[in-house]
Every structure is written in structure tokens, then in C-alpha cells.
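A short write-up of the structure that comes next.
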Amino acid sequence: GPFGEVVLLDWGLAKVWDTPEPSASPDAPEPEAEALPLTMTRHGKVQGTISYMSPEQLTNETEIDSRADIYSLGAVLYEVLTGQNAAVGETMDELARSVRYDTPGLPSQVARLKIPKLLEDLTMRCLKKEPSERLANMEEMIRLLSQNWQLS
């Protein structure tokens, strides 16, 4: 921004759609998943970037709540702290498997930097595979941060 502040422009889109959208040409083949960039939305399949989707979004759960957003925030925080995605893989399937099953390394170990323990713990809690193990909502995140840091 004009005063050197960071401006967030796009939270992206992460949603699994049940019904595919009609393509421009019904006879046109869909590109092979392996050929698509890892950040590209697959038409009629997944909309969004898989590495920021929560595990429950990838399994097409019907009970998705604000804790899916908490997971996505954790994925962003992890990338900010480490410079790397929490999920790893060379294909969309590998990325989805990583989101669902892999626990990323601690940000301080991955980045080899001193990271405040509270921030590292909150990031890792946001990335828990089970929604019930994550923060319940953003209010809880703000409360935990404000107990330890001056937030206004």
C-alpha cells in the first residue's frame, strides 16, 4: 500500500463441486490432470489450489465449517514462515494425499529460523487433519494472539 503496508488481494477459491460445469465444446477433451499446473483449477473437478484446501474439502465432506478456513489460514501462515507449502507433491493427486495424510515439518526447522513458539504452535494447530483439533474460529485465534501480543 501507499504506506508500506501489506495488502491482501486474493484469498483464492477452494471448493469441490459435485456437478461439472458444461464446457465450451462438449466434444473437447479435458486436459490430463498430470499436464495441468499444480495451482490450476480443474474444470468440473476441484476449484482452488489444493495445497490450501482442508482435508475435509478434499474428501467432499458435507459438514464443512469455519475450521476449513482455519486450515487454509494455517497453510498461508506456514508458507509465510517457511517459504514453502505445507503440502508437497509433484501432481495434484500427490498434493491431495499430502494435505490429507502428511504432517509438515515445524516451521522453525524447515526455515531454520527462530520463530515465536506461539506463532509456530498456532500454525501447526491450524494444519491439524481433524477439524476438531484445530482452532474453532478466528475469534479463538485473535484471543490467543492477544493474550501474548499487543493487538489493537
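Note on region 61-135: enclosed helices (runs of 4 or more DSSP H) holding 2 or more residues that are within 12 Å of S51 (Cα to Cα) and acidic (D, E) are 92-101. Scoring T59 on the criteria (1) of a type outside the set (F, W, Y); (2) surrounded by 14 or more Cβ atoms within 10 Å (Cβ to Cβ); (3) under 22 Å from A136 (Cβ atoms) leaves a single failure, condition (2). Which numbered condition trips up I64, out of (1) without any contact (Cβ under 8 Å) to a residue 24 or more places away in the chain; (2) exposed (fewer than 15 other Cβ atoms within 10 Å of the Cβ)? Looking at each condition in turn, I64 falls short on (2). Considering every residue within region 140-147, establish whether at least one is under 21 Å from V6 (Cα atoms), buried (at least 16 other Cβ atoms within 10 Å of the Cβ) and not basic (K, R). Yes, there is a match, as at least one residue in region 140-147 is under 21 Å from V6 (Cα atoms), buried (at least 16 other Cβ atoms within 10 Å of the Cβ) and not basic (K, R). Annotation: of all residues in region 117-133 being farther than 11 Å from L81 by Cβ and among the hydrophobic types (A, V, I, L, M, F, W, C), the one that is surrounded by the fewest Cβ atoms within 10 Å (Cβ to Cβ) is L118.
Screening region 82-111 for residues that are under 20 Å from I64 (Cα atoms) and in contact with a Pro (Cβ under 6 Å, 6 or more places away or on another chain) and picking the one that is surrounded by the fewest Cβ atoms within 10 Å (Cβ to Cβ) gives R100. Here K114 fulfils each of the conditions (1) modelled with pLDDT of 80 or more; (2) under 28 Å from E139 (Cβ atoms); (3) surrounded by fewer than 16 Cβ atoms within 10 Å (Cβ to Cβ) apart from (2).
Pairing residues of region 129-149 that are closer than 17 Å to E61 by Cα with residues that are modelled with pLDDT of 90 or more and of a type in the set (S, T, Y), at Cβ distances under 8 Å and at least 6 apart in sequence or on separate chains, gives K129/Y101; K129/T103; P131/S54; P131/Y71; R134/Y71.
The values are calculated or read from the model by the stated rules, or taken from the named source; none is laboratory data. Since we're looking at a predicted model, the values are computed, not measured. Here Cβ is always computed from backbone atoms with ideal geometry, including for glycine, and neighbour counts include all displayed protein chains.
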